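One structure below.
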Amino acid sequence: MIGGQHSELVLAIQPFTRGYAFALFEGPLSPIDWGIKEVRGGNRNARCLAAAEALIARTRPEVLVLEDYTGSFARRSRRIKRLQSLITNHAAGQSIDVRHYARECIRDCFKGVGAVTRYEIAQAIAAQVQAFANRLPPMRKLWEPEDPRMALFDAASLVLTHYCVFDSPDTEIG
């Protein structure tokens with residue numbers, strides 16, 4: 001999958017409409033913690049930010065990875081973009097290295113296994129990282145809402161992309 005051995009803690013946070021998902025890895029195939037935090041009610045950004053700050057304080061990652069929403073394929077609401085900006089500012093204030101990866105970069109890292117779509121990338125992650133194998137949701141039908149577990153795989157793809165880019169700019173996952 002990915003060469004090289006790293007012992008740095010990498011945390012990815014993936015905000016979505018109902019909260020955020022996170023994945024904490026200590027190596028490319030070594031997840032330590034992961035989950036989905038759903039937030040209901042008003043003032044979602046403040047509550048999500050407080051939960052993300054607590055997560056960062058608890059896990060003390062060396063690198064925080066977030067999706068880059070400035071790319072041409074990025075379609076996120078203003079609220080989600082604002083939440084990500086708040087999380088980025090908090091992490092930078094804690095002297096945590098913050099990295100942003102665009103969807104195009106994620107696709108480039110997973111193209112070695114023929115994964116292009118988000119669901120194909122999630123399938124590749126489930127096949128390689130045993131801890132995520134039973135969390136893969138069924139493929140979404142066009143008329144169905146997205147399963148929140150997809151945000152978990154988005155977070156994992158961000159961490160794996162970080163390791164892919166960190167190992168070598170030409171490294172692919174596969």
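Here are the numbers for the structure shown:
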{"item": "Selection within the stretch 11-51 - of a type in the set (Gly, Ala, Ser), surrounded by fewer than 19 Cβ atoms within 10 Å (Cβ to Cβ) and in a strand (DSSP E or B)", "result": "Gly27, Ser30, Gly35"}
{"item": "Number of positions in the stretch 98-114 that are crowded, with 18+ Cβ neighbours inside 10 Å and either of a type in the set (Gly, Ala, Ser) or touching a Cys at 6+ places or on another chain (Cβ under 7 Å) (or both)", "result": "1"}
{"item": "Hey, Ser157 outside any helix (DSSP H, G or I) and either within 22 Å of Ala52 (Cβ to Cβ) or modelled with pLDDT of 90 or more (or both) or not", "result": "no"}
{"item": "Selection count, the stretch 77-99, where residues are over 20 Å from Thr161 (Cα atoms) and assigned to a loop (DSSP other than H, G, I, E, B)", "result": "3"}
{"item": "Hey, Thr117 surrounded by 16 or more Cβ atoms within 10 Å (Cβ to Cβ) and hydroxyl-bearing (Ser, Thr, Tyr) or not", "result": "no"}
{"item": "Complete set of residues in the stretch 52-97 that are buried (at least 16 other Cβ atoms within 10 Å of the Cβ) and among the small types (Gly, Ala, Ser)", "result": "Ala52, Ala91"}
{"item": "Residues that are crowded, with 16+ Cβ neighbours inside 10 Å and among the small types (Gly, Ala, Ser), drawn from the stretch 120-130", "result": "Ala122, Ala124, Ala126"}
{"item": "Where a residue in the stretch 88-101 is without any contact (Cβ under 8 Å) to a residue 24 or more places away in the chain and its partner, wherever it lies, is of a type in the set (A, V, I, L, M) and part of a strand (DSSP E or B), with Cβ under 6 Å and at least six apart", "result": "Ala92/Val98"}
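Here is a yes/no grid of residues against (1) within 18 Å of Leu29 (Cα to Cα); (2) at pLDDT below 90; (3) assigned to a helix (DSSP H, G or I):
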position: Asp108; (1), (2), (3): no, no, yes
position: Ala115; (1), (2), (3): yes, no, no
position: Ile121; (1), (2), (3): yes, no, yes
position: Ala131; (1), (2), (3): yes, no, yes
position: Pro137; (1), (2), (3): no, no, no
position: Glu146; (1), (2), (3): no, yes, no
position: Ala151; (1), (2), (3): no, no, yes
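The values are calculated or read from the model by the stated rules, or taken from the named source; none is laboratory data. Owing to the predicted nature of the structure, the values given are computational and were not obtained by experimental measurement. Here Cβ is always computed from backbone atoms with ideal geometry, including for glycine, and neighbour counts include all displayed protein chains.
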